[in-house]
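A.B. asks: Structure below; questions to follow.
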Amino acid sequence: MSRPSILISDPLPPHLTAELHTAFDVRECRGSDRAALLAAVRDADALVIRSATKVDREVLDHASRLRIVARAGVGLDNVDVEAATRAGVMVVNAPVSNVTSVAELTVGLILSMFRNIPAASASVRAGEWRRADFQGSELSGKSVGIVGFGRIGQLVAERLAPFGVELLTHDPYASPDFTHARGVSWLPLDDLVATADVLTLHVPLTPATRNLIGERELALAKPTLRLVNTSRGGIVDEVALARALAEDRIAGAALDVFATEPPTGSPLPHLDSVVCTPHIGAGTAEAQDRAATTVLDAVRAALAGLPVDGLANPEVLAAGTAVTV
Ligand SMILES: NC(=O)C1=CN([C@@H]2O[C@H](COP(=O)(O)OP(=O)(O)OC[C@H]3O[C@@H](n4cnc5c(N)ncnc54)[C@H](O)[C@@H]3O)[C@@H](O)[C@H]2O)C=CC1
Ligand SMILES: O=C(O)CCC(=O)C(=O)O
């Protein structure tokens, strides 16, 4: 009998994938290369992805043997979970794997903006010594608005509290009692945007959150607002953001994520008031190890016909459509 086949289409830590080879036929491809993905997924019993692989109906249609899609990270916006469920394919992610890493990057990006760290560093590297040009502001005493009070939003609040900031949040699914118990005031989104000196986004990308921060919201902001996006590019209307920054209607933005990655052709990375990073919120050894361990355990269980913890679509198993290989 042939060994079950695992297709890995985004990079995972090699020291964790090496041991798979003893029990499985492990193949790799680049998920961003659509033709390669469609060809390779035909023989796959499990598909392991990160954010660069889009698993939509076309991929599922090419994958008649597929039992499980395992997303080594949090966001499932690149997986059509509904279509997978209809196809009887389990979907699993690693929801707590990178929370600390993203919260820490968020704090770093906020401080980078307040103290002009990237520009000051580039200037010294260029042989300059322009101290007066890099006068910044203290974070202490400022209002920080957290959009989305889930795992990452809550940890960002916890990490920022010692800086002496006023913590505010908007999350339609978190009650004011819940946020107040954690020292964070709950506000409607418009009030949050209008009050904040820092607005940091921690929501999933869904039809309801696409362009959550657009022209109308940015028009409510104070000119001192600094926006941080370590969630997903599509949550901010990038055209409206570029306009608000170019017209000095807000003070700055720090962006780890973009609507299209890499953001070829976008004016945002070229604006002096923008700090940007290439989607590295989860880019730490610890987070990558946690994410890979979680999803590879799920893959091993699924391919052995054992129960899989934390499925994003448990109804697949309830319907009895998952088949033991
Ligand atoms: N830059 C990176 O490398 C990473 C980015 N992410 C992104 O961060 C997102 C958030 O992650 P977690 O906090 O772990 O997810 P989570 O599911 O724990 O929290 C998301 C929160 O957003 C809230 N929410 C949903 N719709 C909202 C709306 N319209 N307005 C305000 N709040 C809303 C939910 O109620 C929930 O509390 C992920 O979905 C992912 O897209 C996650 C990990 C790494
Ligand atoms: O490492 C990755 O794939 C990106 C992490 C991410 O964006 C997520 O976990 O949602």
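The values are calculated or read from the model by the stated rules, or taken from the named source; none is laboratory data. Here the structure is a predicted model, which means the values were calculated and not measured. Ideal geometry is used to build each Cβ from the backbone, glycine not excepted, and the neighbour counts take in all protein chains shown. Only protein heavy atoms, including side chains, enter the accessible area calculation; ligands, DNA and RNA are left aside. Shrake-Rupley method; radii C 1.70, N 1.55, O 1.52, S 1.80 Å.
A.B. asks: I want to confirm something. Restricting to the range 92-135 and keeping residues that are under 30 Å from Asn313 (Cβ atoms) and of a type in the set (S, T, N, Q), which single residue is nearest to ligand 2 (Cβ to nearest atom)?
C.D. replies: Across the range 92-135, the extreme among qualifying residues is Asn98.
A.B. asks: Any idea which residue in the range 269-284 is nearest to Thr22 (Cα to Cα), counting only those that are within 14 Å of ligand 1 (Cβ to nearest atom) and open to solvent by 50 Å² or more (accessible area, probe 1.4 Å)?
C.D. replies: The selected residue is Gly283.
A.B. asks: Shifting gears a bit: With the requirement that a residue be under 29 Å from Ile250 (Cα atoms), of a type outside the set (D, E, K, R) and not in a helix (DSSP H, G or I), what does the range 90-119 give you?
C.D. replies: Hit for the range 90-119 is Asn116, nothing else.
A.B. asks: Further question: Would you mind stating whether Gly75 is crowded, with 20+ Cβ neighbours inside 10 Å, within 22 Å of the chain's Cα centre (by Cα) and either within 30 Å of Leu317 (Cα to Cα) or not acidic (Asp, Glu) (or both)?
C.D. replies: So Gly75 does not fit the description; no.
A.B. asks: Please name all residue pairs, on different chains or six or more residues apart, with Cβ atoms under 8 Å, provided the first residue is in the range 30-44 and is at negative phi and the second residue is open to solvent by less than 70 Å² (accessible area, probe 1.4 Å) and part of a helix (DSSP H, G or I).
C.D. replies: Arg30/Ala36; Arg30/Leu37; Gly31/Leu37; Leu37/Val59; Leu38/Val59; Val41/Val59
A.B. asks: Can you name every residue in the range 132-183 that is part of a helix (DSSP H, G or I), charged (D, E, K, R) and more than 23 Å from the chain's Cα centre (by Cα)?
C.D. replies: Within the range 132-183, Asp133, Asp177 meet the criteria.
A.B. asks: Another question, then. Restricting to the range 225-244, name every residue that is over 19 Å from Ala196 (Cα atoms), within 16 Å of ligand 2 (Cβ to nearest atom) and either hydroxyl-bearing (Ser, Thr, Tyr) or open to solvent by 20 Å² or more (accessible area, probe 1.4 Å) (or both).
C.D. replies: Arg232
A.B. asks: Another question about this same structure. Looking only at the range 208-224, which residues are crowded, with 20+ Cβ neighbours inside 10 Å and either within 11 Å of ligand 1 (Cβ to nearest atom) or of a type in the set (Val, Ile, Thr) (or both)?
C.D. replies: Hits for the range 208-224 are Leu212, Ile213.
A.B. asks: Right, next: Return the residues of the range 113-128 that are touching a helix residue (DSSP H, G or I) at 6+ places or on another chain (Cβ under 8 Å) and open to solvent by 20 Å² or more (accessible area, probe 1.4 Å); say none if nothing qualifies.
C.D. replies: Passing the criteria: Arg115, Asn116, Ile117, Pro118, Ala119, Ala120.
A.B. asks: Let me ask something additional. Please pick out the residue among Ala70, Ala84, Ala18, Ala46 that is modelled with pLDDT of 95 or more and either within 13 Å of ligand 1 (Cβ to nearest atom) or open to solvent by 20 Å² or more (accessible area, probe 1.4 Å) (or both).
C.D. replies: After ruling out the rest, the residue left standing is Ala18.
A.B. asks: Based on this model, can you work out whether Asp171 counts as assigned by TED's automatic domain parsing to the domain that holds Thr209, within 28 Å of Asn98 (Cα to Cα) and of a type in the set (Asp, Glu)?
C.D. replies: Yes: the conditions hold for Asp171.
A.B. asks: What are the residue pairs meeting all of these: first residue in the range 278-295, first residue among the basic types (Lys, Arg), second residue at pLDDT 95 or above, Cβ atoms under 6 Å, and 6 or more apart or on different chains?
C.D. replies: Hits for this filter: Arg290/Ser97.
A.B. asks: Which count do you get for residues in the range 141-158 that are touching a strand residue (DSSP E or B) at 6+ places or on another chain (Cβ under 7 Å) and more than 8 Å from ligand 1 (Cβ to nearest atom)?
C.D. replies: Result for the range 141-158: 7.
A.B. asks: Right, here's the next one. Go through (1) more than 16 Å from ligand 1 (Cβ to nearest atom); (2) within 23 Å of the chain's Cα centre (by Cα); (3) without any contact (Cβ under 8 Å) to a residue 24 or more places away in the chain and name the single condition Ala120 misses.
C.D. replies: Condition (2) is where Ala120 drops out.
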